[in-house]
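Inspection log for the structure reproduced underneath, given as structure tokens.
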Amino acid sequence: MKEKLRQIFAGRQGMDELSKLLFWLGIALFTLALVCGGALGSLLLPLALMAVVLAFVRAFSRNLPLREAENLLLLRWIDKKKHAWAAFRDRFANRREYRYFKCPSCGRWLRVPRRKGKIHINCRCGYTLYRRT
Ligand SMILES: [Zn+2]
């Protein structure tokens, strides 16, 4: 029995982060479909099934490089969201001492001290803003 299981899982990566996410997303959608019922339920049920099936297809796939690349995309996306959240918390914590402006040209956040009147703010990209602080 143990040997048979080992043969089945040889060369496969099993549940990585993306597979786990898909699996739990499927379970959540399934629960939601049962709770909602009706038209929405019948719409969510196939989605839930697809997510769970996809999670297992990924777990048993032998195309390891592709599965790893997909998983890396998810991990990078999560990392980006974590950084964005940390930056937001930082801006919120310092909101009494600094004003933050987003550069309209490159999208970078610019931090300037408060209560300095109307000032020119130079972004690293070369764009200059004229704002009241
Ligand atoms: Zn800029």
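Binning all Cα-Cα separations of the chain at 5 Å, short to long from zero, yields these whole-percent fractions: 2, 9, 11, 11, 10, 9, 8, 9, 9, 9, 7, 3, 1, 1, 0, 0.
Here the residues V35, V112, ranked from fewest to most Cβ neighbours within 10 Å of their Cβ, fall in the order V35, V112.
When the chain is described by a simple charge dipole with +1 on each Lys and Arg Cβ and -1 on each Asp and Glu Cβ, the residue from L18, F56, A84 located farthest towards its positive end is A84.
Sequence gap at least 6, Cα distance under 8 Å: using those rules, report the relative contact order of the range 68-114 to the nearest whole percent.
24 percent
Residue exposure proxy: W24, W85, ordered by other Cβ atoms within 10 angstrom of their Cβ from fewest to most, comes out as W85, W24. A straight Cα-to-Cα reach below 29 Å connects K82 with the lysines K20, K102, residues fewer than 8 places away in its own chain not being considered.
With all pairs of different C-alpha atoms in the average, the Kirkwood value for the hydrodynamic radius of the range 85-133 is 11.3 Å. Taking 4.7 Å between C-beta atoms as the pairing limit, the chain has these partnerless cysteines: C36. With Cβ to Cβ distances under 13 Å as the rule, what net charge do the other residues near F92 carry (K, R +1; D, E -1)? Local charge sum for F92: +4.
Mean-square fluctuations from a GNM of the chain, with a 10 angstrom spring cutoff on Cα atoms, peak among S19, S61, S105 at S105.
None of the figures in this text is laboratory data; all of them are computed from the coordinates on show. Everything quoted here is computed from the prediction, not taken from an experiment. When we count neighbours, we look across all protein chains shown, and the Cβ atoms used for this are built from the backbone with ideal geometry, even at glycine.
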